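Read through the structure below, which is laid out as structure tokens, and then see the notes.
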Amino acid sequence: MGIYPAPYQLAYTVNGASMNYNLPLNPGTYSTVIVAWDKCGGASTAGIRITVKAGGGKSFTNIQRAGGWGEYGQGPP
């Protein structure tokens with residue numbers, strides 16, 4: 001899986017079925033995309049709009065358990 005905080009800017013990748021990473025971002029608004037690749041070359045994406053404010057913010061945890069992922073690449077080929 002990978003995190004793109006901006007178009008064509010892959011900031012972090014991990015092999016496996018879960019991701020737990022604290023990605024430091026400067027204050028601003030990001031149209032972040034989370035990508036999950038399969039071993040056959042396919043990919044599923046989920047867009048997340050993030051606003052980072054100066055002085056700290058919130059963290060996303062267990063994002064893979066959030067709603068809306070059921071239709072992405074979980075069925076048979």
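Values for this structure:
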| read-out | value |
| --- | --- |
| Of all residues in the range 59-68 being assigned to a loop (DSSP other than H, G, I, E, B) and touching a strand residue (DSSP E or B) at 6+ places or on another chain (Cβ under 9 Å), the one that is modelled with the lowest pLDDT | Gly68 |
| Residues being in contact with a Ser or Thr (Cβ under 9 Å, 6 or more places away or on another chain) and either closer than 21 Å to Arg65 by Cα or not in a loop (DSSP other than H, G, I, E, B) (or both) - total across the range 24-45 | 9 |
| Pairs where the first residue, in the range 1-16, is over 13 Å from Ala36 (Cβ atoms) and in a loop (DSSP other than H, G, I, E, B) and the second is at pLDDT below 90 and of a type outside the set (Gly, Ala, Ser), C-beta under 8 Å, 6+ apart | Pro5/Leu23; Pro5/Leu25; Pro5/Ile50; Ala11/Leu23 |
| Residue satisfying condition, being surrounded by fewer than 10 Cβ atoms within 10 Å (Cβ to Cβ) and of a type in the set (Phe, Trp, Tyr), within set Tyr8, Tyr30 | Tyr8 |
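The values are calculated or read from the model by the stated rules, or taken from the named source; none is laboratory data. Given the structure is predicted, the values throughout are model-derived calculations rather than measurements. Methodologically, a virtual Cβ is constructed for each residue, glycine included, from the backbone with ideal geometry; neighbour enumeration extends over all protein chains shown.
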